[in-house]
Amino acid sequence: MLKHGFVKQLISSFLSLLPILAVVLVFQVLIIRQPVVDVAGMIAGVLLVILGLTLFVYGLEQSLFPVGETMAYSFARKGSLFWLLVFAFCLGFGTTVAEPALIAVADEAANVTSKSHLIAQTDEAKSQYALGLRITVALSVGFAILVGVLRIIRGWSLYHLIICGYCAVVIMTPFAPPEIIGIAYDSGGVTTSTITVPLVTALGVGLASAIKGRNPMLDGFGLIAFASLTPMIFVMAYGMLR
């Protein structure tokens, strides 16, 4: 079964990448009309991407999704709201602070901020700025997951939370430093990536499945949307307070 599932995922990964490869080749050959450089290297790279994507998705299905759902189910059955909320916050914070996309964006933001003379042009200043940005975003996602778990438990309306959040973004934007606004808006996207999304989704679905009267389709999803919203608010506040 494991072998069959892996082969199936391998084929699925290839089919998922096929349109991207087709677009690149069509524009390279027919539009730009340039020969493909290092064909062997490109083929090897594509094969590695397919294999890596297959291993990643297959690993999620075999480990992170079941673990997230099982822990959410166990906390719900245990009936400890305090520890469930602590777990939700720690999960959001831990997965976000280790998010590779966030690390890359924070480092780039620190470099650009330093070149703009908004912070000192030293490695220490850039490192502190990037770390502060990462911690701020991680705290915002931890807060978002905590509120999202409360929403599932209490049955709150998702769109009310989303509307209130975006109203806060609109209100804060004119008062935030112009240099931080773009970073704040982008931070919402980079937080919901390879590590955060699988675990948070599994947490929401598992929790909604374990609580009587909750529908996993209606109540289990939506944590990612809220987790991509709160970083905008927190990062703009971070820029205003610096």
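The values are calculated or read from the model by the stated rules, or taken from the named source; none is laboratory data. Given the structure is predicted, the values throughout are model-derived calculations rather than measurements. Positions of Cβ are generated from backbone atoms using ideal geometry, with glycine treated the same way; all protein chains shown enter the neighbour counts. Keep in mind that these areas ignore ligands, DNA and RNA; they rest on the heavy atoms of the full protein, side chains included. Shrake-Rupley method; radii C 1.70, N 1.55, O 1.52, S 1.80 Å.
The calculated P(r) of the stretch 114-160, using every Cα pair and 10 Å bins from 0, goes 24, 30, 19, 16, 11 in percent. Other residues with beta-carbon under 15 Å from the beta-carbon of residue 144 carry, at +1 per Lys or Arg and -1 per Asp or Glu, a net charge of 0.
For q = 0.08, 0.13, 0.15 Å⁻¹, what log10 I(q)/I(0) does the chain give under the Debye formula with an equal point scatterer on each alpha carbon and no solvent? At q = 0.08, 0.13, 0.15 Å⁻¹ the computed log10 ratios are -0.41, -0.94, -1.09.
Per-residue ellipticity at 222 nm for the chain, helices alone: DSSP H runs ≥ 4 residues times -39500 (n - 2.57), over residue total, nearest 500 deg cm²/dmol? Theoretical 222 nm ellipticity from helices: -26500 deg cm²/dmol. So which residue, out of 55, 146, 17, gets the largest mean-square fluctuation from a GNM of the chain using Cα contacts under 10 Å as springs? Top of the fluctuation ranking is 17.
The trypsin sites (Lys or Arg not before Pro) of the stretch 1-50 that meet both conditions, a loop assignment by DSSP and at most 15 other Cβ atoms within 10 Å of the site Cβ, are 33. Using the 1.4 Å probe convention, the accessible area of the chain works out to 56 Å² per residue with neighbouring protein chains retained.
Provide the FRET efficiency to the nearest 0.05 for the residue 39-residue 123 pair, computing r from the beta carbons and using R0 = 30 Å. Taking R0 as 30 Å, the efficiency between residue 39 and residue 123 is 0.15. Within the listed set 108, 124, 179, the residue fluctuating most in the Gaussian network model of the chain (springs between alpha-carbon atoms under 10 angstrom) is 124.
Looking at the stretch 24-141, the pairs of alpha carbons with a distance over 20 Å make up 68% of the total.
Between residue 55 and residue 17, the modelled label-to-label distance comes to 1.3 nm, taking each label 7 Å out from Cα in the direction of the beta carbon. Under a Gaussian network description of the chain, with springs only between Cα atoms under 10 Å, the residue in 224, 163, 135 that fluctuates furthest is 163. Summed over all non-identical Cα pairs, the Kirkwood treatment of the stretch 11-66 gives a radius of 12.8 Å. Shown is the FRET efficiency for residue 28 and residue 62, computed with R0 = 41 Å from the Cβ-Cβ distance and rounded to the nearest 0.05: 0.65. Computed from label points 7 Å out along Cα-Cβ, the spacing between residue 90 and residue 240 is 3.2 nm. With a Förster radius of 45 Å applied to the beta-carbon distance between residue 48 and residue 166, the computed FRET efficiency rounds to 0.70. Less than 14 Å Cβ to Cβ from residue 114, Lys/Arg counted +1 and Asp/Glu -1: what total charge do the surrounding residues give? Combined, the nearby Lys, Arg, Asp and Glu give -2. A simple rule links phi to the HN-Hα coupling: the Karplus curve 6.51 cos²θ - 1.76 cosθ + 1.60 with θ = phi - 60°, which for the stretch 233-242 gives 5, 5, 5, 5, 5, 4, x, 6, 8, 6 Hz, with x for Gly and Pro.
Placing pseudo-labels 7 Å out from each Cα toward the beta carbon at residue 80 and residue 175 gives an inter-label distance of 3.9 nm.
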